[in-house]
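See structure below.
The values are calculated or read from the model by the stated rules, or taken from the named source; none is laboratory data. Here the structure is a predicted model, which means the values were calculated and not measured. Methodologically, a virtual Cβ is constructed for each residue, glycine included, from the backbone with ideal geometry; neighbour enumeration extends over all protein chains shown. SASA here: full protein model, heavy atoms, side chains in, ligands and nucleic acids out. Shrake-Rupley method; radii C 1.70, N 1.55, O 1.52, S 1.80 Å.
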Amino acid sequence: MKRYYVARVTGRVKTIVVNTFTAKTLVFKTLVFNPLSIVKTVIAPVLPGGVVAVAWMLPVLSSAAATTVAAPAGGPAAVPELAQHCPPGFELRADNGCYLRSFYRDLPSLQNAGVGGPQTGLPALREGFSPQQIDLGRLLFFDPLLSADHTIACASCHQPHLGFADGRGRSVGIGGQVVSRSAPSLWNVGLLKRFFWDGRATSLEQQAVGPLFAADEMGNSPARLQTDLNGTPAYVALFRQVFDTDTIALEQVYLALAAFQSSLISLNSRYDLYAQGFEEALTPAETEGMNIFRSFVARCAECHTPPLFTNQQIAVLGTPEPEGLTLDIGAEGPSGDPSQRGGFKVPSLRNITLTAPYMHSGRFATLREAVEFYNKGRGHAVPEGEKLSLHWHIWEPQLEARELDRLVDFLGALTDEGFKPAIPAAVPSGLPVPVLSHSKSEQQ
């Protein structure tokens, strides 16, 4: 009988919860370890065997993230020391690249596997970035230097404590401008092939260009951004370390941001423990909800396909807009295809409880409202005069209220923030790090 030792950080890397699993039991023991000794006492005996749950142990290393020292008053920002190790969940290989460790990597591809079950593999991940590239991207992500007026950072709309969204139905950009759509979550974006709600970008580098230079988002220009970065000695020194260049190129900025975002992995929820064979990880209500989710009646899994909980396709749903707004044409805009009118990318449902409100414009305040929309019948919210090519999966499941509640219960089991990156205390520009929101649990 195999036994797995799985450690997960609670609090600030002081208390380690060690879960001892066997094929039939689930035992929780709370122990206190020195963050370094835990590597020797728990991780070392497990890594050689490639235990599938090894990713749960790696957050203990997150305390060694790069440290940025605040600049003296009136002086230039100090040059931070970039990380020499990979983010939690990744292993460093001989090529100085970071590669994901997950039991899903050992499972078969989704291809020809129907809607995908718990034992289905992941799509290909953007990986192999160096620890230094990832950490440089982290600093850029939180630095308002990237916006035109130095007030907005990437993290302003993609806040770690809010599921890397911002808690708004429609995000707010430079100068308080309200944009047309909500900020999608960035968890697991390294596994995606399409970006933005309308799917118009096909790489993380292309995605970075959009908000950086959109007039109502970060409002910058390529020339101004390059000038600001090259005029910041700390960044010049950092890019020299990472890219061996004396002049910062925008392509390097995009790549560093892509490296950091590709490291945002969330695959250690209670659902994932269930997928590894630990059935006790889900409550009876959540298990019932999962069965409804995967049923041919509800058909949720046909678009929100495990294990990523998205099929990465564009779907026309007929979602209503907030009061007073006209129909958002969605994917018809970039594609020019009338059949894509009102179509949007199917989002991943991982960490979905953290990213309310829901849909492309935040039309639904709660998950219960969102699942109820799908239950009300095909095309019930399509505006008068519009003829949309609704996705064929949208029909009338006629689920009972209790079944909708169980779906919401199951969606809560997809939450995992164990590998949430550290927010830098200061950034190389010396500008204030944006004040970010906190999750409800942290506020309490």
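Worth a mention:
- Hey, L186 open to solvent by less than 20 Å² (accessible area, probe 1.4 Å) and either outside any loop (DSSP other than H, G, I, E, B) or polar (S, T, N, Q) (or both) or not: no
- Across region 217-246, the number of residues qualifying as part of a helix (DSSP H, G or I) and either within 20 Å of E81 (Cβ to Cβ) or open to solvent by less than 10 Å² (accessible area, probe 1.4 Å) (or both) comes to 13.
- Residue match in region 398-407 (condition: modelled with pLDDT under 95, under 28 Å from the mean Cα position of the chain (by Cα) and not acidic (D, E)): no
- Out of G385, G379, G412, sole residue that is open to solvent by 20 Å² or more (accessible area, probe 1.4 Å) and under 21 Å from the mean Cα position of the chain (by Cα): G412
- Selection status of E369, free of Cβ contacts under 8 Å to residues at least 60 places away in the same chain, open to solvent by 50 Å² or more (accessible area, probe 1.4 Å), assigned to a helix (DSSP H, G or I) and not basic (K, R): yes
- First in region 297-312 and of a type in the set (D, E), second anywhere and surrounded by fewer than 20 Cβ atoms within 10 Å (Cβ to Cβ), Cβ under 7 Å, 6 or more apart: E302/V115; E302/H393
- Cβ separations smaller than 9 Å between residues 6+ apart or across chains give the following pairs from region 171-200 residues that are closer than 18 Å to F309 by Cβ and basic (K, R) to residues that are open to solvent by 20 Å² or more (accessible area, probe 1.4 Å) and outside any loop (DSSP other than H, G, I, E, B): R194/I314; R194/K345.
- Annotation note: Cβ proximity below 8 Å between a residue of region 77-97 that is touching a residue at least 24 places away in the same chain (Cβ under 8 Å) and closer than 22 Å to R240 by Cβ and a residue that is β-branched (V, I, T) and exposed (fewer than 15 other Cβ atoms within 10 Å of the Cβ) (sequence gap 6+ or interchain) occurs for A78/V69; P80/T67; P80/V69.
- Selection within region 247-280 - touching a Cys at 6+ places or on another chain (Cβ under 8 Å) and part of a loop (DSSP other than H, G, I, E, B): S263
Let's see how each residue does on (1) more than 30 Å from F278 (Cα to Cα); (2) buried (at least 20 other Cβ atoms within 10 Å of the Cβ); (3) of a type outside the set (D, E, K, R); (4) over 18 Å from the mean Cα position of the chain (by Cα):
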residue	(1), (2), (3), (4)
I134	yes, yes, yes, no
I152	yes, yes, yes, yes
S156	yes, yes, yes, no
G163	no, yes, yes, no
S171	yes, yes, yes, no
V178	yes, no, yes, yes
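- If you check G318, G333, G324 for being open to solvent by 30 Å² or more (accessible area, probe 1.4 Å) and not in a helix (DSSP H, G or I), only one passes: G324.
- Here A285, A301 are screened, and the one residue that is in contact with a helix residue (DSSP H, G or I) (Cβ under 8 Å, 6 or more places away or on another chain) and modelled with pLDDT of 95 or more is A285.
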